[in-house]
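One structure below.
The values are calculated or read from the model by the stated rules, or taken from the named source; none is laboratory data. Remember, predicted model here, so these are calculated numbers, not experimental data. Heads up, the Cβs are rebuilt from the backbone with ideal geometry, glycines too, and the neighbour counts pull from every protein chain shown. Areas reflect the complete protein model, heavy atoms only, side chains present, ligands, DNA and RNA absent. Shrake-Rupley method; radii C 1.70, N 1.55, O 1.52, S 1.80 Å.
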Amino acid sequence: MLKIGCHLSSSKGYLAMGREAVRIGANTFQFFTRNPRGGKAKPLDLEDVAAYNQFAKDQGLFPILAHAPYTLNACAADEGLRTFARETMADDLARLEHIPGTMYNFHPGSHVKQGAQVGIQLIADHLNAILTPELHTTVLLETMAGKGSEVGRSFQELRAILDRVELSEKLGICLDTCHVSDGGYDVANDLDGVLEEFDRVLGLSRLKAIHLNDSMNPLGSHKDRHQKLGEGTLGMEALERIVNHPALRELPFYLETPNDLEGYAREIALMKRAYLE
Ligand code: FE
Ligand code: FE
Ligand code: ZN
């Protein structure tokens, strides 16, 4: 069965997201752990979480994906911002212990003018300060488009982070199809080649989730502008190959396309029809 969902607003809580997912034909979903512009998260509503856990079980939902606020920058030059990133992620991970099987995705960071090497070390330091042997949640590094000074623009940069993290068994990778294409990996025309490279550098066993997005911009543009499925430079045939690829087809897919809920429902139905059972 295709595991597919989209990004949902978390403002009404977990049970509301679960119901919304089911209504649009999804069997999983992604959500921001808190307002992406930062700030304090609401106290965790344990009743809502318990109701969601039961609902997910009854409906057969697959584990969900939490997304860190994209303003969190583990390799900021400013120490105060790095402390904020560390405290925010530690708090997010503590909350997620209440929702079994959830994974946590984050953008590695932007090194600004410090250079990628410094950025990579700061991100590894950040993870080494947070990860514990007791943690149940798998933390995913997202493949980035390489816009500005983003770290994670190549598989090698992600490898360099993994190599510097002590509890790296807690880490996985979330591959964003728009980002990798913008980053210069030709997932539209050479999916096998890209996945071979991924396997060689990172190992396919690290790959835990896919952000399924079309892109507004051509291969290697380093722009990061998502497009609706089939309406961008990747195209529908390429996206169908991605969800059906033997190395990917068991992974959960999350849409982050510019859509309202009805648009997401249409795209989910489209991909379900394209999936070869
Ligand atoms: Fe993201
Ligand atoms: Fe993404
Ligand atoms: Zn993006």
Condition first: closer than 24 Å to Leu195 by Cβ and free of Cβ contacts under 8 Å to residues at least 60 places away in the same chain. Can you find one or more residues in the range 62-72 that meet it? no
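Restricting the range 98-115 to residues that are farther than 13 Å from Leu65 by Cα, part of a loop (DSSP other than H, G, I, E, B) and under 20 Å from the mean Cα position of the chain (by Cα), which is nearest to ligand 2 (Cβ to nearest atom)? Show your work before the answer.
Restricting attention to the range 98-115, the residues satisfying the condition of being farther than 13 Å from Leu65 by Cα are 98, 107-115.
Adding the requirement that they be part of a loop (DSSP other than H, G, I, E, B) leaves 98, 107-108, 111-115.
Now narrow it down to the ones that are under 20 Å from the mean Cα position of the chain (by Cα): 98, 107-108, 111.
Details: His98: 24, His107: 8, Pro108: 12, His111: 19 Å.
Across the range 98-115, the extreme among qualifying residues is His107.
Do the conditions hold for Leu162, that is, is it closer than 27 Å to Thr83 by Cα and not polar (S, T, N, Q)? Can you show your working first?
Details: closer than 27 Å to Thr83 by Cα: yes; not polar (S, T, N, Q): yes.
Considered against the rule, which asks whether it is closer than 27 Å to Thr83 by Cα and not polar (S, T, N, Q), Leu162 comes out as yes.
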Please state which one of His179, His226 is touching a residue at least 12 places away in the same chain (Cβ under 8 Å), farther than 21 Å from Ala274 by Cα, crowded, with 21+ Cβ neighbours inside 10 Å and touching a strand residue (DSSP E or B) at 6+ places or on another chain (Cβ under 9 Å). His179
Qualifying positions in the range 16-44 - open to solvent by 40 Å² or more (accessible area, probe 1.4 Å) and closer than 12 Å to Ile99 by Cβ: Leu44
In the range 182-217, how many residues are within 16 Å of ligand 3 (Cβ to nearest atom), under 17 Å from the mean Cα position of the chain (by Cα) and open to solvent by 10 Å² or more (accessible area, probe 1.4 Å)? 1
Top-ranked residue of the range 160-180 - restricted to ones that are closer than 16 Å to Gly109 by Cβ and more than 14 Å from ligand 1 (Cβ to nearest atom), ranked as farthest from the chain's Cα centre (by Cα): Arg164
For the range 109-128, what are the residues that are buried (at least 23 other Cβ atoms within 10 Å of the Cβ) and in contact with an Asp or Glu (Cβ under 7 Å, 6 or more places away or on another chain)? Ile120
Of the criteria (1) part of a helix (DSSP H, G or I); (2) over 22 Å from Cys75 (Cα atoms), which one His126 fails: (2)
Condition first: touching a residue at least 60 places away in the same chain (Cβ under 8 Å) and at positive phi. Now tell me which residues in the range 116-172 satisfy that. Gly146
Filtering the range 129-147 down to residues that are among the hydroxyl-bearing types (Ser, Thr, Tyr) and not in a strand (DSSP E or B), which residue is surrounded by the fewest Cβ atoms within 10 Å (Cβ to Cβ)? Thr132
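Could you tell me whether Leu158 is within 16 Å of ligand 3 (Cβ to nearest atom), under 20 Å from Asp125 (Cα atoms) and in contact with a strand residue (DSSP E or B) (Cβ under 6 Å, 6 or more places away or on another chain)? Give the steps one after another, and end with the answer.
Working: within 16 Å of ligand 3 (Cβ to nearest atom): yes; under 20 Å from Asp125 (Cα atoms): yes; in contact with a strand residue (DSSP E or B) (Cβ under 6 Å, 6 or more places away or on another chain): yes.
In short, yes.
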Selection from the range 190-220 of residues that are within 16 Å of ligand 2 (Cβ to nearest atom), touching a residue at least 40 places away in the same chain (Cβ under 8 Å), farther than 11 Å from Leu251 by Cβ and in contact with a Gly (Cβ under 7 Å, 6 or more places away or on another chain): Asp214
